[in-house]
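Reading through the structure tokens given below for one structure.
Every number in this text was worked out from the coordinates using simple rules, so none of it is lab data. Quick caveat: nothing in here was measured; it's all calculated off a predicted structure. Every residue, glycine among them, receives a Cβ derived from its backbone with ideal geometry; neighbour counts consider all protein chains shown.
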């Protein structure tokens, strides 16, 4: 039985990430969590893979998952720090940055991402992108900060200048409840300079 | 300069189509138009490629485009008939069906797809899908029938049972005007029987 492709925001994120990675680009996971996105990313590229998370528990879980799959090597860099600080650790342009927001699955549900730091991290991510690079943001509206975080992202994304950035938004019209949603931002490879996003 | 990936509905459609085709599945283009989607599909699979269009001009343009690229062969079947009749010509299950609605680019702009026949064609497409198969619908709100067609599709897609079908909807929040939108329907490969959609 083949895997499904559009059941949820993470599946679409993974399909579009695969279409933009050609084998040796660097990728950042801004929210390492339990490491599933990093594992997927590490399978797509031979380039560097950076992972950030504010919880040591998440960094450990990610390290263990990568090790279990034989993918923990010099090219992997795991940092227990907020994604708002990612530009201290990632110096050269990267092809993709992933954000999977909300709380750590299986962890403390009161520790969640929040609108202000998410936008700050997103600004950081956009500055790190190489031309043609993409940012993927999976956002959850079901937890207390989620609705505000979604609204902040929606407004931020809608205001990105069309000349420099493509923005796509994916929703799931036949799903009950509040399924996670996906924003995708592509830094257009058209020679236009990136604006100062502040 | 690498191609962009999420600038518009057709780009996302092509990326997701590529992720679900493994090399030998059959694909239907329900709206052949000038043949660009069929050309892309023919490059993804060695299986059969069906194309439907109600305008002979479109069928000819598609035939010429495929011929120019050396892709016109026995596995290609072009039919000058409405996609509401596709099940007369396509007998075995297919992996994907593409709809690119609206009018023929460069053709008579008064000849457009319309909500009732689009929904009828879509019902036909869903009945032809193999488990794991996908339907892609690019819809244009900028022409007279477009808004109604979009609303009809939105309501139809939202009502598809979640147990049997995944539905994703892609929009473009930072684009001016009324950019084309994308609906994607996946027939879930989970053993659940397809419902009678009428």
Report task. Could you tell me which residue in chain B puts its beta carbon nearest the axis mapping B onto A, with the distance rounded to whole Å? Result -> B:170, 3
Report summary line: Across B:96, B:30, B:58, the residue with the highest GNM fluctuation in chain B (Cα network, 10 Å cutoff) is B:58
**Report entry** Compactness of the protein assembly as shown - radius of gyration and Dmax, Cα, Å
**Finding:** 21.6, 64
Query raised in the report: To one decimal place, what orientation-averaged projected area in nm² is obtained for the convex hull of the Cα set of the stretch A:3-187?
Result: 10.1 nm²
Query - Mean projected area in nm² (Cα convex hull; one quarter of hull surface) for the stretch A:45-107 - result: 4.7 nm²
**Report entry** Nearest-first distances (nm) between copies at residue A:23, label 7 Å from Cα via Cβ
**Finding:** 1.6
Query raised in the report: On average, how many beta carbons from a partner chain sit within 10 Å of the beta carbon of a residue in A:77-85?
Result: 0
**Report entry** Ascending list, in nanometres, of distances separating the residue B:155 label from those of the other copies (7 Å, Cα toward Cβ)
**Finding:** 3.4
Query raised in the report: Considering the zone a paramagnetic label at residue A:81 would reach in this model (a point 7 Å from Cα along the Cα-to-Cβ line), which residues of the stretch A:37-54 have amide N under 15 Å from it?
Result: A:50-54
Query raised in the report: Once label points are set 7 Å from the Cα along Cα→Cβ at both residue B:143 and residue A:74, what is their separation, rounded to one decimal in nm?
Result: 5.8 nm
Query raised in the report: Taking the label point 7 Å from Cα in the Cβ direction, how far apart in nm is residue A:106 from each other copy of itself, listed shortest first?
Result: 5.6
Query - Max mean-square fluctuation residue, GNM over chain B, Cα-Cα springs under 10 Å, options B:31, B:112, B:62 - result: B:112
Report summary line: Going fewest to most other Cβ atoms within 10 Å around each Cβ, A:156, A:187 line up as A:156, A:187
Report summary line: For residue B:175, placing the label point 7 angstrom along Cα-to-beta-carbon and taking the stretch A:5-35, residues whose amide nitrogen sits under 18 Å are A:16
Query raised in the report: Based on the mean of other beta carbon atoms within 10 Å per residue, what is the order of B:100-110, A:40-50, A:69-79, most packed first?
Result: A:40-50, B:100-110, A:69-79
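Just checking the output field for A:183-191: average partner chain Cβ neighbours within 10 Å of each residue's Cβ?
Average per residue, whole number: 3.
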Requested in this report: Please give, to one decimal in nm, the separation of the simple spin-label points placed at residue B:158 and residue B:22, each 7 Å out from Cα toward the Cβ.
Outcome: 3.6 nm
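What fraction of the DSSP beta bridges in the stretch A:3-187 is antiparallel, stated in percent and rounded to the nearest 5?
45 percent
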Report summary line: the stretch A:1-48 and the stretch B:99-113 have their Cα centres apart by a whole-number Å value of 37 Å
**Report entry** Relative contact order (percent, whole number), chain A, Cα cutoff 8 Å, 6+ residue spacing
**Finding:** 19 percent
